[in-house]
Amino acid sequence: MSSVTNSTGSFFNRSLAQMNDLREGIERTRAQIATGRKIERGSQDPAAAAQIRSVARREALNSVETDNAARLGQDLGAAATEIEAVTTLLQRARELALQAANTPTGADGRQAIAFELGQLQEELFNRANGTSLTGEPLFAGQASGVAFTRDALGNVTYTGTLQSGAVPVAPGTAIERGLPGNEVFEFDLGGTPSSAFAVLGGLVGALQGGAPDPVAAANAAIEGIDAALDTTNRATTILGTRMAWVEQVEAQQADRKIALADRRSRVSDTDIADAIARLQQSLTALEASQSAFARVSALTLFDALR
């Protein structure tokens, strides 16, 4: 009688454990289908959970880098727009300097030229202190204040930093935010430091009577304006190269985002078709186990009572 009791107890325990495992698997599969996630808790699959965390960290970093690249592209584009306007301005200033250097141009004509050059000089100062869409100075390097200041005598001074700072946009890749103002508006003229502001300001003063020979002053100014144009053209090339680089990085970021999403999906998302097939298989197995348990347990009880 004891052996029958022990055997029966073992049978019941094994059968109940097996059916409990099937029920847990069924509930787990149903949850996977309902939520679309393979893993509800990291303990279910530690290796897969670690992969999901790794992908999530990379996705978060990629998101930050994508935002950085977008803002960088905007800043570089804004700087390029300002420099393009400055180039146009300097080209007009050169035309005016050529007119002023023309001997037949009288004093009244030179006064009119000086007036327009003064307006261009003011626009140049405003362009040099241009800001991004977020209000940050475009040409002050890493400084937060204006790039250029002007004293009571009209002398313009660069007050920014000598570096623009690099923005991380991809693993191991950082791109310079822009160009500091000294690299855009300042240059050497005959071995002497000068600037677009000084050239235009000096020409305005000369045409307003500040030079004994305004024609010679205008001719000298043309050389300075050409140097300023060379500097802005070089700046345009640099910014254009960086903008193209940003576009390339953004394309790579988009590809990386897709690849990360695909990897996360393969690790964490439920294969609905497979899950439904497993659910049906588990339900069938549970039904068969319950039926077999009912039949065998009835026979075992009958034997024990006989």
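A search for C-beta distances below 9 Å between a residue of segment 238-262 that is closer than 22 Å to residue 84 by Cβ and any residue that is charged (D, E, K, R) and in a helix (DSSP H, G or I), counting only pairs 6+ apart in sequence or on different chains, returns 238/183.
Residue by residue, here is whether (1) under 24 Å from the mean Cα position of the chain (by Cα); (2) open to solvent by less than 70 Å² (accessible area, probe 1.4 Å) holds:
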| site | (1), (2) |
| --- | --- |
| 103 | no, no |
| 117 | no, yes |
| 123 | no, yes |
| 126 | no, no |
| 143 | yes, yes |
| 148 | no, yes |
| 155 | no, no |
| 161 | yes, yes |
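Only one entry in 49, 56, 79 is at pLDDT 65 or above, under 30 Å from residue 234 (Cα atoms), among the hydrophobic types (A, V, I, L, M, F, W, C) and in a helix (DSSP H, G or I), namely 79.
Please go through segment 159-187 and give me each residue that is part of a strand (DSSP E or B) and either among the β-branched types (Val, Ile, Thr) or free of Cβ contacts under 8 Å to residues at least 24 places away in the same chain (or both), ordered by number.
Residues of segment 159-187 that are part of a strand (DSSP E or B), as a first pass: 166-170, 173-176, 186-187.
Scanning segment 159-187 gives 166, 167, 169, 173, 174, 175.
Quick one: count up the residues across segment 207-216 that are under 12 Å from residue 114 (Cα atoms) and surrounded by fewer than 20 Cβ atoms within 10 Å (Cβ to Cβ). Residues meeting the conditions: 3. Taking residue 32 as the residue in question, decide whether it is buried (at least 17 other Cβ atoms within 10 Å of the Cβ), at pLDDT below 80, touching a helix residue (DSSP H, G or I) at 6+ places or on another chain (Cβ under 7 Å) and in a helix (DSSP H, G or I). Here the answer is yes, as residue 32 does meet what is asked.
Contact annotation: residue pairs with Cβ atoms under 7 Å, 6 or more positions apart or on different chains, pairing a residue in segment 53-79 that is open to solvent by 60 Å² or more (accessible area, probe 1.4 Å) with a partner that is small (Gly, Ala, Ser), are 74/132.
The values are calculated or read from the model by the stated rules, or taken from the named source; none is laboratory data. Keep in mind it's a predicted model, so treat the numbers as computed, not measured. Virtual Cβ from ideal backbone geometry, glycine too; neighbours counted across all protein chains shown. What goes into the accessible areas is simple: the full protein's heavy atoms, side chains included, and nothing from ligands, DNA or RNA. Shrake-Rupley method; radii C 1.70, N 1.55, O 1.52, S 1.80 Å.
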